[in-house]
Amino acid sequence: MNNFLETAAPCCFGIVFFLLLFGFIAFMRYMGYRETLALAEKGLVKPERRSGNGTLFWGIGFTAVGAALLLGLWPIGFIAGERFPLGLGPWLLFGLLPMFFGLGLMLFYVLTRDSKPVEKLTPAPILVPVTAPVVTPVVMQEPISLIPPSEQPVPPTPSTPPEPPSNLTP
């Protein structure tokens with residue numbers, strides 16, 4: 001009877017642990033579904049966020065839980081006696097499985113993330129003082145006409161009044 005409790009207790013603990021874990025995950029997915037429905041009833045759309053950080057978050061979580069279970073269950077091998085060398089036994093699977101699952105999630109995150117282009121650092125340009133060019137003033141001259149002087153119209157002199165047009169006689 002005592003031997004049965006020694007082997008059944010870790011198995012029951014592992015089964016309960018994974019049932020609680022998967023129950024929590026299912027509950028969180030259901031709550032997300034309900035949130036999406038509530039937003040749809042109001043005519044809103046849930047913003048899509050696909051950064052991949054969730055994969056990294058769950059990977060770190062599973063790895064940490066697996067490592068904790070592995071370290072916590074390892075002394076069972078020393079309690080069991082000399083049947084298991086270095087205390088390694090089948091109960092360590094309850095720690096190894098989530099740990100390697102978490103490592104797989106972290107590897108998936110690393111392999112599928114968007115790689116941002118690495119910006120090369122360019123040295124700052126060397127500024128050399130440049131003297132401003134000397135600007136000489138330009139003296140305005142009379143405009144040069146391309147029309148020969150014989151064909152240029154003669155401007156009326158201001159002393160004589162302009163002549164009225166010939167077709168407007170009274």
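The values are calculated or read from the model by the stated rules, or taken from the named source; none is laboratory data. On a predicted model such as this, the values are computed, not experimentally measured, just so you know. Note that we place each Cβ from the backbone using ideal geometry, even for glycine, and neighbour counts take in every protein chain shown.
Every condition in (1) under 25 Å from the mean Cα position of the chain (by Cα); (2) not in a loop (DSSP other than H, G, I, E, B) holds for Val45 except the one numbered (2).
Remark: pairs (first residue in the stretch 66-90, surrounded by 15 or more Cβ atoms within 10 Å (Cβ to Cβ); second residue at pLDDT below 75 and not in a helix (DSSP H, G or I); Cβ separation under 6 Å; 6+ apart in sequence or on different chains) = Gly77/Phe84.
Looking only at residues that are surrounded by 11 or more Cβ atoms within 10 Å (Cβ to Cβ) and under 30 Å from Ala80 (Cα atoms) in the stretch 13-54, which one is modelled with the highest pLDDT? In this case the residue turns out to be Leu21. The condition (being modelled with pLDDT of 75 or more, loosely packed, with under 10 Cβ neighbours inside 10 Å, within 30 Å of Gly52 (Cβ to Cβ) and not small (Gly, Ala, Ser)) is satisfied by just one residue among Leu111, Leu96: Leu111.
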